[in-house]
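> Below are the structure tokens for one structure; questions will follow.
The values are calculated or read from the model by the stated rules, or taken from the named source; none is laboratory data. Keep in mind it's a predicted model, so treat the numbers as computed, not measured. Here the Cβ positions follow ideal geometry from the backbone for every residue, glycine too, while neighbour counts run over all protein chains shown.
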Amino acid sequence: MIKRIKHHIRTYFLTGLLVVVPVGISLWFLQAIIHWTDQKLVLLPAKLHPNTYLPFPIPGLGLILTVIFVFLIGVIATNIIGKTFVQLGEKIVDKIPLVRSIYLLVKQVMETILSKDQESFKKVVLIEYPRKGLYSIAFVTGVAKGEIQDRTSKKVINVFVPTTPNPTSGFLIMVPEEDAITLEMDVEMAFKLVISGGMVATEKEVKKKMEALSADVQ
């Protein structure tokens, strides 16, 4: 009887952790973003600062204004006058050596990520890396072109192999398309797997564990 009570207590506690911890971390991350954007309002002149006219500070106002600002910039940049100013600004940036390299790199990466026609980071594959017999998760970023493709006898694809636990760093590897094993898991699940060092299970395994916990409680 005592063992059964301990088992139920442990099961309830673990189930509670599965609910509370993800929600808590998500709220903390959201709060951090809101706090960071609210701090940027300090850069505004007193006459333009919203708190000058509001009776009390509104949390998240900085985030709302940032979204509105980005939206307005997008509206302006899509018309003829806006495009002219953007092109003029790019010409000025193009004449500054270090800034030019950073700007072009960031712009190209953003265009690749946001483009609906690109296949980058939409397919997860398994490749033999760093040596034959060892496998690593990789993300397809495109098909090799130009000299790289001309000097290989097979169709080559570009893949990004992320590092653990920081997936923003990694290695660009060119592999024959036939040597890459396409996985069914989506990009989000693959990132979770990389960040956790393999500790996070797939969605199917998570569902099985949750069902097992519910069965134990019943």
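> Just to be sure before I move on: is VAL194 in a helix (DSSP H, G or I), within 30 Å of PRO22 (Cα to Cα) and among the β-branched types (Val, Ile, Thr) in the structure I sent? Please lay out each step first, then the result.
Values: in a helix (DSSP H, G or I): yes; within 30 Å of PRO22 (Cα to Cα): yes; among the β-branched types (Val, Ile, Thr): yes.
Yes.
> Restricted to the range 107-119, and to residues that are of a type in the set (Asp, Glu) and assigned to a loop (DSSP other than H, G, I, E, B), which residue is modelled with the highest pLDDT? Explain how you work it out, then say what you get.
First, the residues of the range 107-119 that are of a type in the set (Asp, Glu): 111, 117, 119.
Narrowing further to those that are assigned to a loop (DSSP other than H, G, I, E, B): 117, 119.
On the way: ASP117: 53, GLU119: 60.
That would be GLU119.
For (1) farther than 30 Å from LYS192 by Cβ; (2) within 27 Å of the chain's Cα centre (by Cα); (3) surrounded by 10 or more Cβ atoms within 10 Å (Cβ to Cβ), each residue gets a yes or a no:
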{"site": "LEU27", "(1), (2), (3)": "no, yes, yes"}
{"site": "ILE33", "(1), (2), (3)": "no, yes, yes"}
{"site": "THR37", "(1), (2), (3)": "no, yes, yes"}
{"site": "PRO59", "(1), (2), (3)": "no, yes, yes"}
{"site": "ILE80", "(1), (2), (3)": "yes, no, no"}
{"site": "THR84", "(1), (2), (3)": "yes, no, yes"}
{"site": "ASP94", "(1), (2), (3)": "yes, no, yes"}
{"site": "TYR103", "(1), (2), (3)": "yes, yes, yes"}
{"site": "VAL106", "(1), (2), (3)": "no, yes, yes"}
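> Also, I was wondering about something else. Please work out if SER153 is more than 26 Å from the chain's Cα centre (by Cα) and hydroxyl-bearing (Ser, Thr, Tyr).
On the way: more than 26 Å from the chain's Cα centre (by Cα): yes; hydroxyl-bearing (Ser, Thr, Tyr): yes.
Judged against the criteria, SER153 is a match.
> Right, another one. Among (1) surrounded by 12 or more Cβ atoms within 10 Å (Cβ to Cβ); (2) farther than 30 Å from GLU184 by Cα, which single condition is PRO55 missing?
(1)
> Of the residues THR141, THR168, only one is surrounded by 15 or more Cβ atoms within 10 Å (Cβ to Cβ), out of contact with any Cys (no Cβ under 9 Å at 6 or more places or on another chain) and under 30 Å from GLY74 (Cα atoms); which?
Values: THR168 fails: surrounded by 15 or more Cβ atoms within 10 Å (Cβ to Cβ).
So the residue among THR141, THR168 that is surrounded by 15 or more Cβ atoms within 10 Å (Cβ to Cβ), out of contact with any Cys (no Cβ under 9 Å at 6 or more places or on another chain) and under 30 Å from GLY74 (Cα atoms) is THR141.
> I want to confirm something. Restricting to the range 120-135 and keeping residues that are surrounded by fewer than 18 Cβ atoms within 10 Å (Cβ to Cβ) and within 18 Å of MET189 (Cβ to Cβ), which single residue is modelled with the lowest pLDDT? It would help to see each step written out before you state the result.
Quick first cut of the range 120-135, residues surrounded by fewer than 18 Cβ atoms within 10 Å (Cβ to Cβ) only: 120-122, 126, 128-135.
Those left that are additionally within 18 Å of MET189 (Cβ to Cβ): 120-122, 126, 135.
Details: SER120: 68, PHE121: 75, LYS122: 78, LEU126: 94, TYR135: 94.
Restricting to residues being surrounded by fewer than 18 Cβ atoms within 10 Å (Cβ to Cβ) and within 18 Å of MET189 (Cβ to Cβ), the top hit is SER120.
> List every residue pair whose Cβ atoms lie under 8 Å apart, where the two residues are 6 or more positions apart in sequence or sit on different chains, the first residue falls within the range 169-190 and is free of Cβ contacts under 8 Å to residues at least 60 places away in the same chain, and the second residue, located anywhere, is of a type in the set (Lys, Arg) and loosely packed, with under 13 Cβ neighbours inside 10 Å.
PRO176/LYS154; PRO176/LYS155; GLU177/LYS154; GLU177/LYS155; GLU178/LYS154; GLU178/LYS155
> What are the pairs, 6+ residues apart or on separate chains, where a residue within the range 85-101 that is under 21 Å from GLY74 (Cβ atoms) and without any contact (Cβ under 8 Å) to a residue 40 or more places away in the chain has its Cβ under 9 Å from a residue that is basic (Lys, Arg) and surrounded by 11 or more Cβ atoms within 10 Å (Cβ to Cβ)?
What qualifies is GLU90/LYS107; VAL93/ARG100.
Rundown of residues vs (1) within 30 Å of VAL86 (Cα to Cα); (2) free of Cβ contacts under 8 Å to residues at least 24 places away in the same chain, yes/no style:
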site	(1), (2)
THR11	no, no
ILE34	yes, no
THR37	yes, no
PRO45	yes, yes
THR52	no, yes
VAL75	yes, yes
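> Quick one: which residue in PHE56, PHE69, PHE13 is in a loop (DSSP other than H, G, I, E, B) and more than 30 Å from THR141 (Cβ to Cβ)?
PHE56
> Given the options VAL42, VAL99, VAL19, name the one that is at pLDDT 80 or above, part of a helix (DSSP H, G or I) and out of contact with any Lys or Arg (no Cβ under 7 Å at 6 or more places or on another chain).
Details: VAL42 fails: at pLDDT 80 or above; VAL19 fails: at pLDDT 80 or above.
Testing whether each residue is at pLDDT 80 or above, part of a helix (DSSP H, G or I) and out of contact with any Lys or Arg (no Cβ under 7 Å at 6 or more places or on another chain) leaves just VAL99.
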